[in-house]
Amino acid sequence: MTNDANTLFRPQQVPSTLASWLLMTAILVAVYVASLFTPPLLDDVDAAHAQAAQYIAQTGDWVTPKIDGIRYIEKPPLPYWIIAGLYRVTGAENAFTTHLPNVLAMLGLTWLAWLWASRAWGARAGLYAGLATLTSIGPFLFTRFIIPEAILAFLLLAALYCLLTGLESNRSSRIYWMWACVALALLTKGLIAPVFFCGAAIPYLLLTGQWRRWRALKPVTGFLLFLAIAAPWHILCGLRNPDQGHPVGNHPTLGNVHGFFYFYFINEHVLRFFGLRYPHDYNKLPTLWYWVLHLVWLFPWSLFLPAVVAAAWKTRHKWLQHLRQDAGQTVDFYLDNALREDVATYVLRLKFRVRTIWLLSLFTAFTLLFFSLSTNQEYYTFPAWPPLFILIAGVMTGIEEQRSSNGEKPLLSTAWLSGAQAAFAVIGLLSAAALGWGLWQSRNLPYVADIGTLLAHRNVADYTLSMSHLFDLTGPSFAALRLPAALAAIALLIGPAVGWFLRLKHKHLAATISIALTLTIFFIAAHIAFDRFEPMLSSKQMADTIKQDGTPADTVVIYGEQSAASSILFYTRDFFHSRPARLVLPRCSQDGEGTTLLWGSCYPDAPDIFLSQNQLAGIWGTGERKWLFAQDDDRSTVEQLLAGRLYPVQSISDKTLWTDRPLQ
């Protein structure tokens with residue numbers, strides 16, 4: 001063996017499994033576990049979905065969740081079941097138990113990304129894949145509230161891994177786990193789960209030629225297992241929520257108050273895809289922003305995507321090599337790799353790596369293209385992010401270890417990594433400068449605890465996109481964010497610069513870890529800032545006021561959609577003995593303006609929670625005490641409607657709480 005060959009195959013510096021997991025666990029605890037305690041549940045989707053789980057836990061009805069007494073079957077039930085189970089086991093209905101499933105899903109994604117990348121590219125890639133999963137902006141942002149994307153991403157990634165390894169090792173147990181994971185993913189997010197899985201699995205099976213082994217996929221018994229897991233809830237929900245009720249005007253969707261099967265499968269899946277869902281309360285990102293924002297959701301690891309693209313382009317003529325079952329078994333291949341101690345083991349790893357690249361690339365491409373055509377929210381493509389992290393980790397590892405299969409020049413030089421690290425340093429410097437400028441400008445401004453009073457309300461995209469409120473930030477609001485801004489500025493000024501220095505010194509492992517540590521500190525600062533927005537994002541303080549000054553016989557009235565004050569409903573449910581709040585919205589209105597409870601409210605047994613303005617004026621000041629919540633957009637309307645009969649109790653950010661008589 002020549003000296004060059006000895007250099008080529010010399011063992012590289014790799015982190016131990018114990019060291020890798022100590023680092024990843026520390027980041028998980030600092031970024032995700034610590035954030036479970038604050039802030040309390042947020043208004044809108046966070047507390048609304050928590051109400052559904054709360055109803056299940058308290059009533060034992062695991063089939064038909066309800067919000068404020070109204071059937072709520074827009075979403076599959078598995079996330080609600082998990083949270084409801086935690087409520088029952090712990091006896092605590094709070095932010096910690098409600099958001100714990102998201103943290104567990106992130107732990108599962110980290111473990112699976114580490115496992116998959118380690119097997120395909122080695123221990124270094126496993127560490128990088130785990131770190132990227134934990135320290136990217138998208139996963140951090142979209143696990144702050146209850147949405148099923150993290151759970152869905154874990155289940156789909158597990159299903160893909162079981163498909164690949166089950167066929168590779170001919171282990172039927174892995175194949176059955178694949179069917180089970182797809183079924184659970186269906187119960188998590190609906191029909192898109194099997195669609196996404198098949199969108200990657202079918203082309204993969206065709207390309208590899210493994211479709212000929214269709215019997216190994218257990219199509220009969222596996223599908224029966226899939227049905228046994230996924231079908232019961234859908235069948236029971238359909239039976240308990242049939243076509244009934246009174247007609248809703250002449251609207252083509254709800255004209256006959258369709259039951260669960262039409263509402264769930266057609267309205268919530270097919271019509272949602274085409275932007276025709278009723279009521280229309282979703283938006284779609286402009287095409288350019290849809291694609292560009294993925295650089296943000298994957299940041300800072302998206303800085304290494306150019307290297308991934310370059311590696312793919314350089315190997316374009318070899319994409320199909322080693323993909324099929326007999327690949328790598330030629331005499332020439334064995335001669336080219338004769339220097340290796342165990343050519344057979346190398347062949348198996350090479351095949352696994354190539355098939356990993358194809359399967360994850362197909363899944364990512366299908367998911368991204370699907371939502372580029374459909375209505376979308378920023379986080380809908382979450383399931384595609386972990387596969388991208390694994391692919392990025394593989395390319396980074398190949399460049400850092402500077403290995404090739406047969407002594408040829410390495411595929412890409414380390415300049416690709418140095419360039420990405422330099423870009424990170426520049427972005428860090430500019431971001432630190434912007435934060436520093438904000439700190440300087442706000443140096444003489446007083447600290448205001450209620451940051452919501454300092455925000456603009458620009459109503460970007462009618463607030464139907466999850467990140468719309470970012471456009472409400474103003475200069476004066478920066479005074480409330482001095483501590484997290486200073487912490488973030490220090491991290492972004494020092495961390496990327498140190499990482500670039502380490503990269504130039506060819507300390508690649510340390511340089512890459514520095515990226516993760518920088519984002520860890522930045523996310524801690526970001527969560528402190530996020531917690532400062534509690535008065536604007538949550539109405540728990542108002543719920544506490546109602547419980548302190550009210551009685552269980554009182555009535556809460558929300559002027560507008562229940563989601564505007566969903567945290568009040570969650571935190572006062574026990575206080576009011578599960579009695580629903582009243583909403584000032586038209587019952588079963590023909591245009592469906594403003595309420596996600598439209599479908600469920602049309603059932604004859606639905607509680608009469610809706611009030612017209614005249615009805616509100618008629619009951620105001622009569623009977624037991626009334627508490628009225630409204631946002632600033634409706635404040636003037638409420639004051640005109642109930643002029644002279646309103647007693648202000650509490651104003652926080654952009655919302656006000658009144659009562660109909662003086663407090664004792």
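One table, with the values for the structure above:
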read-out: Restricting segment 58-99 to residues that are among the aliphatic types (A, V, I, L, M), touching a Ser or Thr at 6+ places or on another chain (Cβ under 9 Å) and touching a residue at least 24 places away in the same chain (Cβ under 8 Å), the residue that is farthest from Ser539 (Cα to Cα); value: Leu78
read-out: Considering residues of segment 534-578 that are assigned to a loop (DSSP other than H, G, I, E, B) and among the charged types (D, E, K, R) only, the residue surrounded by the fewest Cβ atoms within 10 Å (Cβ to Cβ); value: Asp574
read-out: Residue within segment 29-47 that is on the phi > 0 side of the Ramachandran plot, buried (at least 19 other Cβ atoms within 10 Å of the Cβ), touching a residue at least 24 places away in the same chain (Cβ under 8 Å) and not assigned by TED's automatic domain parsing to the domain that holds Trp358 present; value: yes
read-out: Of all residues in segment 150-187 being buried (at least 22 other Cβ atoms within 10 Å of the Cβ) and of a type in the set (Val, Ile, Thr), the one that is farthest from His99 (Cα to Cα); value: Ile175
read-out: Residue that is under 15 Å from the mean Cα position of the chain (by Cα), within 25 Å of Gly398 (Cβ to Cβ) and either touching a residue at least 12 places away in the same chain (Cβ under 8 Å) or assigned by TED's automatic domain parsing to the domain that holds Tyr264 (or both), where the choices are Gly130, Gly138; value: Gly138
read-out: The lone exception for His506 - which of (1) part of a helix (DSSP H, G or I); (2) surrounded by fewer than 22 Cβ atoms within 10 Å (Cβ to Cβ) it fails; value: (1)
read-out: Meets criteria (of a type in the set (S, T, N, Q), at pLDDT below 95 and in a helix (DSSP H, G or I)) for Thr367; value: no
read-out: Residue within segment 638-659 that is closer than 13 Å to Gly560 by Cα, among the charged types (D, E, K, R) and surrounded by 19 or more Cβ atoms within 10 Å (Cβ to Cβ) present; value: yes
read-out: Residues of segment 281-320 satisfying the condition of being more than 21 Å from the chain's Cα centre (by Cα), β-branched (Val, Ile, Thr) and loosely packed, with under 12 Cβ neighbours inside 10 Å; value: Val309
read-out: Checklist (1) over 24 Å from Asp654 (Cα atoms); (2) modelled with pLDDT under 90 applied to Gly623, failing item; value: (2)
read-out: Residues being out of contact with any strand residue (DSSP E or B) (no Cβ under 7 Å at 6 or more places or on another chain), at pLDDT 85 or above and among the hydrophobic types (A, V, I, L, M, F, W, C) - total across segment 594-618; value: 1
read-out: Options Ala581, Ala497, Ala491: the member that is surrounded by 22 or more Cβ atoms within 10 Å (Cβ to Cβ) and farther than 21 Å from Thr397 by Cβ; value: Ala491
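The values are calculated or read from the model by the stated rules, or taken from the named source; none is laboratory data. This one's a predicted model, so the numbers in the text were calculated from it and none came from an experiment. Here Cβ is always computed from backbone atoms with ideal geometry, including for glycine, and neighbour counts include all displayed protein chains.
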